[in-house]
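Notes for the one structure printed next.
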Amino acid sequence: MSVKTYFVTGGCGFIGSNYIHYLFERYDNIRVVNLDKLTYAGNPANLKDIENCSDYVFVKGDVCDSKVVEEIFQKFRPDFLINFAAESHVDRSIGDPGSFIMTDMYGVYVLLETSKKYGLERFIQISTDEVYGSIEEGSFTEGSSLKPGNPYAASKAGGDRLAYSYFVTYKMPVIITRASNNFGPYQYPEKLIPLFVTNALEDKYLPLYGDGKNVRDWLYVKDHCDAIEFILEKGKEGEVYNIAGGNERQNIEITEFILDYLGKPKNLIKYVEDRPGHDRRYSLDDSKLRNLGWSNKYDFEEALRATIQWYVDNRDWWRPLKSGEFLEFYKRHYKMEL
Ligand code: NAD
Ligand code: DAU
């Protein structure tokens, strides 16, 4: 069998690095090319164990740079492109939307155009459940209308629909995935779970927005990676697939779970001013994917405990991240010192 080449963008981030680990655990005969700009969220330490592997190539560069993207196509002729690269933090998009519009929309355009020129077997656009907006009751299907409620979600919706248009107009083999909130190892500690675990470990406040009752549907990152690979193999071109965790929880429930696991007091919780435009609840109907034969492999509470324990065991990974620019962002955003 010929060696397949995976072109992964944003592979030094949270989900991208988990996906590259997943690929090398699953296959012996693949090559992975990872293009990452190494923004504040991109961390080569996430892939330290494979950095010298002969089947792995790292390219530092921007998905908006057509020259570097074209060089990768010329040199490696990828079979599959999986686009994880994005500005991904909602709170940062509220303060500074420009970089989101560039990477999450224009970057998708550059990747699509170059893929069109060279051809490939699959272009997987990693979108998000946030493109649907908030839902009070019931769950969104792939046919639900898109009502993104913050600049991050809107830029992701733009990239999502642009990818679809390349299927319709140019018959490109595009598939779009929309997953719910991921959790697991290597998540930058600005997001709810790693922020709260690492703050609690240092006896710092856990800043909970609003009344703490917003609901997210939690998906273990290893299940997400498995679903992406399943879709790459079995999904149909031009289709959108929701990927749900099936674990809807209020933020306060997640917060208390973390504190209980770590044996820390509830008075570490600090209710703070709500996020502007804060979506109340996300919920996905992913029966389309399940009917194709995919299901989660991990139990939610076990995976959450394993995740918390990973941050307990890997202080050397996250401590350096909670310094410099992170502290400035934290102070500006939460109006308190960490
Ligand atoms: P992340 O912020 O941890 O990682 C993003 C990565 O992209 C980083 O390594 C960063 O350096 C890189 N990057 C950013 N701009 C780039 C550019 N212009 N060129 C090249 N690389 C660039 O994000 P994540 O949580 O791993 O999310 C990955 C993808 O999954 C995103 O597209 C996000 O929208 C989507 N998604 C995330 C979740 C979630 O819960 N985290 C859920 C659904 C979908
Ligand atoms: O739903 C998928 C999305 O999940 C992805 O597309 C995004 O890239 C990813 O960042 C995530 O977005 P959220 O805004 O849902 O994740 P975040 O971890 O920022 O927040 C989760 C919930 O916790 C949300 O209701 C806001 C709340 N929260 C978050 C932070 C960082 C707090 O209450 N306090 C906080 O300090």
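The values are calculated or read from the model by the stated rules, or taken from the named source; none is laboratory data. All values reported here derive from a predicted model rather than from experimental measurement. Glycine gets a Cβ as well: all are built from the backbone with ideal geometry, and neighbour counts include every protein chain shown. Side chains are part of the model used for accessible areas, which takes the heavy atoms of the whole protein and leaves out ligands, DNA and RNA. Shrake-Rupley method; radii C 1.70, N 1.55, O 1.52, S 1.80 Å.
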Give the carbon-plus-sulfur fraction of the accessible surface of the chain in %, rounded to a whole number; probe 1.4 Å, heavy atoms of protein chains only.
49 percent
Residues with amide H under 5 Å of TYR188's amide H, sequence separation 5 or more or different chain, H placed in the peptide plane at 1.01 Å from N; which?
PHE14
Under the rule of at least 5 residues apart or a separate chain, name every residue whose amide H is placed under 5 Å from the amide H of THR128.
ALA179
Probe 1.4 Å - accessible area at VAL3, Å² to nearest ten
90 Å²
Compare THR114, THR39, THR169 by solvent-accessible area with a 1.4 Å probe and give them largest first, with all protein chains kept in place.
THR169, THR39, THR114
Go ahead and set up a Gaussian network model of the chain, Cα springs under 10 Å, then flag whichever of GLY42, GLY107, GLY324 fluctuates most.
GLY324
Reachable aspartates and glutamates from LYS48, Cα under 20 Å, same-chain residues fewer than 8 places away excluded?
GLU25, ASP28, ASP36, ASP313, ASP316
Label-point gap, in nm, between ARG77 and LYS60 - each point 7 angstrom along Cα→Cβ
3.0 nm
Largest first, what is the accessible-area ranking of TYR209, TYR241 with a 1.4 Å probe?
TYR209, TYR241
Probe 1.4 Å, all protein chains in place: accessible area of GLU136 in Å², nearest 10?
140 Å²
Kindly write out, for the stretch 129-136 in residue order, the coupling ³J(HN,Hα) from the Karplus curve 6.51 cos²θ - 1.76 cosθ + 1.60 (θ = phi - 60°), rounded to whole Hz, with x marking Gly and Pro.
5, 5, 5, 7, x, 8, 9, 6
Between GLU248 and residues 5 or more places away or on another chain, which pairs have amide H atoms under 5 Å apart, with H built 1.01 Å from N, and which residues are they?
TRP218
Pairs beyond 19 Å (Cα-Cα), from LYS234/LYS288; LYS116/LYS171; LYS222/LYS266; LYS204/LYS264; LYS191/LYS213; LYS171/LYS236
LYS222/LYS266
Rolling a 1.4 angstrom probe over the protein chains, ignoring ligands and nucleic acids, what is the accessible area of LYS75 in square angstrom, nearest 10?
150 Å²
Rh (Kirkwood; distinct C-alpha pairs) - the chain, Å:
20.3 Å
For the chain, what is the mean residue ellipticity at 222 nm derived from helices alone (per DSSP H run of n ≥ 4: -39500 (n - 2.57); sum divided by total residues; nearest 500 deg cm²/dmol)?
-12000 deg cm²/dmol
Counting only heavy atoms of protein chains, what accessible area per residue, in Å², does the stretch 209-338 have with a probe of 1.4 Å?
48 Å²
Would the stretch 36-108 count as rounded, prolate or oblate if I go by the C-alpha gyration tensor, calling it rounded below 1.5 in a/c and otherwise prolate when a/b exceeds b/c, oblate otherwise?
oblate
Accessible area per residue for the stretch 1-137 in Å², computed with a 1.4 Å probe and the full protein assembly in place, what is it?
42 Å²
By what distance, in whole Å, do the Cα atoms of the stretch 247-338 stretch along each of the three principal axes, largest value first?
48, 35, 27
Only Cα pairs within less than 10 Å get springs; with that Gaussian network setup on the chain, which residue of ALA306, ALA41, ALA200 has the largest fluctuation?
ALA306
Please arrange MET336, MET105, MET172 by accessible surface area, largest first, computed with a 1.4 Å probe and ligands excluded.
MET105, MET336, MET172
